[in-house]
1. Would you check which residues across segment 35-84 are closer than 30 Å to residue 196 by Cα, touching a strand residue (DSSP E or B) at 6+ places or on another chain (Cβ under 9 Å) and of a type outside the set (A, V, I, L, M, F, W, C) and list them?
2. Which one of the conditions (1) under 30 Å from residue 54 (Cα atoms); (2) without any contact (Cβ under 8 Å) to a residue 24 or more places away in the chain; (3) open to solvent by less than 50 Å² (accessible area, probe 1.4 Å); (4) over 25 Å from the mean Cα position of the chain (by Cα) does residue 143 fail to meet, given that it meets all the rest?
3. Quick test of your reading of the structure: residue 99 fulfils all but one of (1) in contact with a Ser or Thr (Cβ under 7 Å, 6 or more places away or on another chain); (2) among the charged types (D, E, K, R); (3) at pLDDT 80 or above; (4) not in a helix (DSSP H, G or I). Name the failing condition by number.
4. Please go through segment 171-183 and give me each residue that is open to solvent by 20 Å² or more (accessible area, probe 1.4 Å) and of a type outside the set (Asp, Glu), ordered by number.
5. Taking segment 115-134 on its own, how many of its residues are out of contact with any Asp or Glu (no Cβ under 9 Å at 6 or more places or on another chain) and either part of a strand (DSSP E or B) or surrounded by 11 or more Cβ atoms within 10 Å (Cβ to Cβ) (or both)?
6. Look at residue 24 and say whether it is touching a helix residue (DSSP H, G or I) at 6+ places or on another chain (Cβ under 8 Å) and surrounded by fewer than 17 Cβ atoms within 10 Å (Cβ to Cβ).
7. Just a yes or no: is a residue in segment 16-32 modelled with pLDDT under 90, part of a loop (DSSP other than H, G, I, E, B) and out of contact with any Lys or Arg (no Cβ under 7 Å at 6 or more places or on another chain)?
8. Quickly run through segment 193-216 and pick out the residues that are open to solvent by 100 Å² or more (accessible area, probe 1.4 Å) and either on the phi > 0 side of the Ramachandran plot or charged (D, E, K, R) (or both).
Amino acid sequence: MSSSVPQNIIREEKNPRGIPKALFISDVEEYLGGPDAAVEKVLNAFQDALAKYRYMDSNLSQRRRSLEEKIPDIKKTLTMVQYLRDRREGKSAVPADDEDDLEDDLDDEGDAKKPLRTTFELADTLYAEAELEETDSVYLWLGANVMLSYKIPVAIDLLASKLEAAQTSLNNTVEDLEFLREQLTIMEVNTARVYNWDVKRRRERREKEQMEKQSG
């Protein structure tokens, strides 16, 4: 048996978020350390690496779904607060058609002094009508059942920063998922190559033994 120890299948090189790269095995025999090397421990190490990559993939996929749900909500809230600011300043600001159809929820009669008639969500598929007096502040949910009051300009800055951070996080998450899928593919290919190499070696050994018996 060869005493050579295969190098770690997980490389030191990492992506910008610290996910390590997988080593692609171009020469199986050289990687294992010789024609008589054992493969059981190596294959077990490969399965451990695959499990870690799949765990990261699961977590990042969940984060991606969460961000994809969160970003539209932030955009809609930001658009609403901007509308309140423009209405308070006397601007004829009507939300664009592509802003989640927010204009369908607003009844702007062209008079900023009149109460704003709109609807708000009580629960899924349940809405109520309301009249909003002119205001210079809004309440924002911050999560964990926490709601705070902000002046409209401060609320706009806060929502804009949260939207930018969420979008950046989503972009990074999508990039990391693509990177992980590449590493998973590499590890699956490595596993198949080592397994097939071992199968071929066993077959060649059996054929050699049969030939020796026949010649003997």
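The values are calculated or read from the model by the stated rules, or taken from the named source; none is laboratory data. No experiment lies behind these values; they were computed from the predicted model shown. Neighbour counts are summed over all protein chains in view; Cβ atoms, including those assigned to glycine, are modelled from backbone coordinates with ideal geometry. Just so you know, the surface numbers come from the protein's heavy atoms only, side chains and all, with ligands and any DNA or RNA stripped out. Shrake-Rupley method; radii C 1.70, N 1.55, O 1.52, S 1.80 Å.
1. 52, 53 - these are the residues of segment 35-84 that are closer than 30 Å to residue 196 by Cα, touching a strand residue (DSSP E or B) at 6+ places or on another chain (Cβ under 9 Å) and of a type outside the set (A, V, I, L, M, F, W, C).
2. (4)
3. (3)
4. Initially, segment 171-183 is screened for residues open to solvent by 20 Å² or more (accessible area, probe 1.4 Å), giving 171-172, 174-175, 178-179, 181-182.
Listed by number, the residues that qualify are 171, 172, 174, 179, 181.
5. Within segment 115-134, the first condition is being out of contact with any Asp or Glu (no Cβ under 9 Å at 6 or more places or on another chain), and the residues that meet it are 121-126, 129-134.
Keeping just the survivors that are either part of a strand (DSSP E or B) or surrounded by 11 or more Cβ atoms within 10 Å (Cβ to Cβ) (or both) gives 121-123, 126, 129-132, 134.
Number of matching residues: 9.
6. Working: touching a helix residue (DSSP H, G or I) at 6+ places or on another chain (Cβ under 8 Å): yes; surrounded by fewer than 17 Cβ atoms within 10 Å (Cβ to Cβ): yes.
Spelling it out, residue 24 is indeed touching a helix residue (DSSP H, G or I) at 6+ places or on another chain (Cβ under 8 Å) and surrounded by fewer than 17 Cβ atoms within 10 Å (Cβ to Cβ).
7. Kept after step one, since they are modelled with pLDDT under 90, are these residues of segment 16-32: none.
No: segment 16-32 contains no residue that is modelled with pLDDT under 90, part of a loop (DSSP other than H, G, I, E, B) and out of contact with any Lys or Arg (no Cβ under 7 Å at 6 or more places or on another chain).
8. Those that are open to solvent by 100 Å² or more (accessible area, probe 1.4 Å) and either on the phi > 0 side of the Ramachandran plot or charged (D, E, K, R) (or both): 200, 202, 203, 205, 206, 208, 209, 212, 213.
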